[in-house]
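Visitor: Dumping the structure here so I can ask a few things about it.
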Amino acid sequence: MDATPIATDYLVIGAGAAAMAFVDTLLNETNASIVMVDRHAQPGGHWNDAYPFVRLHQPSACYGVNSRELGSGKKDQTELSEGLYELASGAQVLSYFEQVMNQQFLPSGRVRYFPMCNYSGDRVGDHRFSSLVSGENYQVQVRKKLVDATHAQTAVPSTHPPQYRVEPGVQCVPLNDLPKTRHPHPGYVVVGSGKTGIDACLWLLQNGVAPATICWIMPNDPWLIDRANVQPGQDSFERTIGGLTAQFEAIVAADSIPDLFAKLEAAGQLLRIDESVEPTAYRCATVTQTELRELRRIDNIVRLGRVRAIEPTRIVLEQGSIATDPSALHIDCSASAIPILPAMKVFDGGTINLLMVSSCQPVFSAALIAYVESHLADQTEMNAFCMMVPVPRVPTDWIRIWAANLGNQQRWGQHEGLARWLKQSRLYFLTTVVSGLLETDTEKLEQLRRLSASRERARASLPQLLAAIA
Ligand SMILES: Cc1cc2nc3c(=O)[nH]c(=O)nc-3n(C[C@H](O)[C@H](O)[C@H](O)COP(=O)(O)OP(=O)(O)OC[C@H]3O[C@@H](n4cnc5c(N)ncnc54)[C@H](O)[C@@H]3O)c2cc1C
């Protein structure tokens, strides 16, 4: 079949959250034409595959695209949320992105969107994609740049089968299937200690499952972030700004890496499930203190490494085995969510790679990259504003992330246009905290000065901590 020719300024592979945030800012800052191609049937990327009870891990207030609020700006009043700012559900996130596409992008006349299409070009000069439904082929002439918005390769249990062997006779489901449970099981085995494992445990407990019947397989204990410390709005100003200051002060005062984590924990900036176990993971996952107390009700935590096989009466792990039961429900939460990426440049000739340039903030990062693409021309300078911030995996990544983050932040502040854009960006966490601050708020302004001073000292101390990472 002949390919239909298309010409566009920007070809964006992916229509996930990062692509949507990028396109939104590019539309606002330029007159460019854009083609978006995605394998999913609707925008939102991995949120299309998420489990029914998934929610954002960060407040809706700074997620989505810059030009449109997500959610009501209210606080959740549920048992576990502690009255913190609302976290959109997966369904709300999908509906939001659909509205952004249908009410903003497409009516602009500058965006053409091709859902259910697979890009199969070489990402250099041969740009082609085809419909997964009709088989129609398209050949794209890209006048400006290719935007690769697929680097997240978000792995969720429903799309990534377990990497361990599951023998016949074992009941093992991805956590997407938990709400399909139609009869109680005498035991529930949660495989995985990341955010999805945490969500599975909390869902079981919320649905009245007795903690004693839950077995939690935890290959790595994670350091966790207290959600109360990352709240938008001025009512949490002291806690948020004070918390950031405490983190910088810990960097300055730490005489070793273990000492740093002890100080961060003592300041309430990092939490762990069991205070007697040294965490070996850090993935930016957030919990409330109430959620943490709930999780601590589960006593049967298995720390024998990763699962290799689940047999009807035995679970084989890297460092031993435990008994199980054919009537137990095993819940797979082992997909790694976001893979570790090799070092890459955001601006790489004719390609823009949507990478994280701010700590665990993929959508804000994508919007900022679009601003830089719209207003700067020199690739070296553009990359200096957008140094890749690593995807966290192990605790010491907390240090690497701050080192990259603080470098980027410092450069952003030196560019007049970018600094102005940051001040009005709803995706920039600090903006959501300080917006509306008055000159008469002297106490808060003093706190911001302390934050700024401690950040400068932390910047100077980070190389020493980085050097201590083996
Ligand atoms: C449970 C969960 C909760 C999360 N909560 C938060 C949160 O609160 N805050 C936050 O900032 N982040 C959160 N994240 C991280 C989340 O990954 C990002 O927020 C964001 O959704 C990632 O978007 P993305 O566009 O980079 O990637 P994806 O969502 O993975 O989108 C990539 C898209 O590219 C498409 N694609 C790939 N290859 C091709 C191809 N060849 N042709 C066509 N299309 C292709 C895919 O179909 C997909 O739709 C969470 C993640 C999970 C799993």
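Visitor: Can you give me the C-alpha center-to-center distance between region 2-26 and region 121-173, rounded to a whole angstrom?
Guide: 15
Visitor: More than 17 Å apart: what percent of Cα pairs in region 280-331 qualify?
Guide: In whole percent, the long-distance tail amounts to 55.
Visitor: How do Arg143, Arg112 rank when sorted from fewest to most other Cβ atoms within 10 Å of their own Cβ?
Guide: Arg143, Arg112
Visitor: At 7 Å along the Cα-to-beta-carbon direction for both Val173 and Ser108, put a label point, then send me their distance in nm to one decimal.
Guide: 4.1
Visitor: Pairing rule first: another cysteine's C-beta must sit under 4.7 Å. Under that rule, which cysteines of the chain stay single?
Guide: Cys62, Cys117, Cys172, Cys201, Cys215, Cys333, Cys386
Visitor: Among Ile315, Ile352, Ile331, what is the fewest-to-most ranking by other Cβ atoms within 10 Å?
Guide: By the 10 Å Cβ count, ascending, the order reads Ile315, Ile352, Ile331.
Visitor: What does the net charge come to around Val277 if you take all other residues with beta carbon closer than 14 Å to its beta carbon, with K and R at +1 and D and E at -1?
Guide: With Lys, Arg at +1 and Asp, Glu at -1, the net is -3.
Visitor: While we're looking at this one, here's another question. Would you kindly work out the equivalent ellipsoid of region 382-426 from its C-alpha gyration tensor and give its semi-axes, the square roots of five times the eigenvalues, largest first in whole Å?
Guide: 23, 11, 8
Visitor: May I pose another question? Putting +1 on Lys and Arg Cβ atoms and -1 on Asp and Glu Cβ atoms, find which of Ala21, Pro390, Ala32 reaches farthest to the positive end of the dipole of the chain.
Guide: Checking the options against the dipole of the chain, the answer is Ala32.
Visitor: Just rank Phe105, Phe97, fewest to most, by other beta-carbon atoms within 10 angstrom.
Guide: In increasing order of surrounding Cβ atoms, one gets Phe105, Phe97.
Visitor: Just to be sure I follow: if Rg is taken over the C-alpha atoms of region 311-355 and Rh is the Kirkwood radius over the same atoms, what is Rg/Rh?
Guide: On the Cα set of region 311-355, Rg over Rh gives 1.37.
Visitor: Find the relative contact order for region 9-160 and round it to a whole percent, using C-alpha pairs within less than 8 Å whose residues are 6+ positions apart.
Guide: So the answer I get is 32 percent.
Visitor: Shifting gears a bit: Any idea what the relative contact order of region 245-391 is, in percent, if you count C-alpha pairs under 8 Å spaced at least 6 apart?
Guide: Reported relative contact order: 14 percent.
Visitor: Still on this structure: Can you give me the Kirkwood hydrodynamic radius for the chain, using every pair of distinct Cα atoms, in Å to one decimal?
Guide: 23.7
Visitor: Show which lysines lie in cross-link reach of Lys74 when reach means a straight Cα distance below 26 angstrom and same-chain residues fewer than eight apart are skipped.
Guide: Lys195, Lys423, Lys444
Visitor: Pairs of Cα atoms under 8 Å, at least six residues apart: use those to get the relative contact order of the chain, whole percent.
Guide: Computed over the chain, the figure is 20 percent.
Visitor: Follow-up question, since we're still on this one. List the equivalent ellipsoid semi-axes of region 30-83 in whole Å, largest first, each obtained as the square root of 5λ for an eigenvalue λ of the Cα gyration tensor.
Guide: Over the Cα atoms of region 30-83, the semi-axes work out to 28, 18, 7 Å.
Visitor: Quickly work out the Arg293-to-Glu456 label distance, labels modelled 7 Å from Cα along the C-beta direction, and quote it in nm with one decimal.
Guide: If labels sit at Glu456 and Arg293, their model points lie 4.2 nm apart.
Visitor: Let me know the charge dipole size of region 114-253 about its Cα centre in debye, to the nearest 20, where only the beta-carbon of Lys, Arg (+1) and Asp, Glu (-1) is charged.
Guide: Value, rounded to 20: 380 debye.
Visitor: Calculate, in nm to one decimal, what Arg306 and Glu265 gain on full extension: separation in residues at 0.36 nm each, minus their alpha carbon distance.
Guide: Value of the extension gain: 12.1 nm.
Visitor: Taking 30 Å as R0, compute the FRET efficiency from the Cβ-Cβ separation of Thr181 and Gln153 and round it to 0.05.
Guide: The calculated FRET efficiency here is 0.55.
Visitor: Further, regarding this structure: Output needed for region 219-350: three equivalent-ellipsoid semi-axes, defined as square roots of 5 times the C-alpha gyration tensor eigenvalues, in descending order, whole Å.
Guide: In descending order, the three semi-axes are 33, 22, 16 Å.
Visitor: Can you list residues from other chains, or at least 5 along the same chain, whose modelled amide H is less than 5 Å from the amide H of Arg112?
Guide: Ile34, Val35, Met36
Visitor: List every DSSP H helix in the chain whose Cα atoms extend 15 Å or more along the helix's own long axis and whose mean Kyte-Doolittle hydropathy is at least 0.5.
Guide: Membrane-span-like by this rule: 17-29, 195-206, 237-253, 362-375.
Visitor: Sequence-distant or interchain residues sharing an amide H contact under 5 Å with Gln171, placed H: which?
Guide: His330
Visitor: Between Tyr282 and residues 5 or more places away or on another chain, which pairs have amide H atoms under 5 Å apart, with H built 1.01 Å from N, and which residues are they?
Guide: Correct list: Trp223, Arg393, Val394.
Visitor: Using DSSP, restrict attention to beta bridges with both residues in the chain and report what percent are antiparallel, rounded to the nearest 5.
Guide: Here the antiparallel bridges make up roughly 35 percent for the chain.
Visitor: Please state the charge dipole magnitude for region 1-69, taken about the Cα centre, from unit charges on C-beta atoms (+1 on K and R, -1 on D and E), reported in debye and rounded to the nearest 20.
Guide: Using only the charged Cβ atoms, the result is roughly 240 debye.
Values quoted throughout were computed directly from the atomic coordinates according to the rules given, and no laboratory measurement underlies them. As the structure is a prediction and not an experimental result, all values here were calculated from the model. FYI the Cβ positions are ideal-geometry reconstructions off the backbone, even for glycines, and counts take in every protein chain you see.
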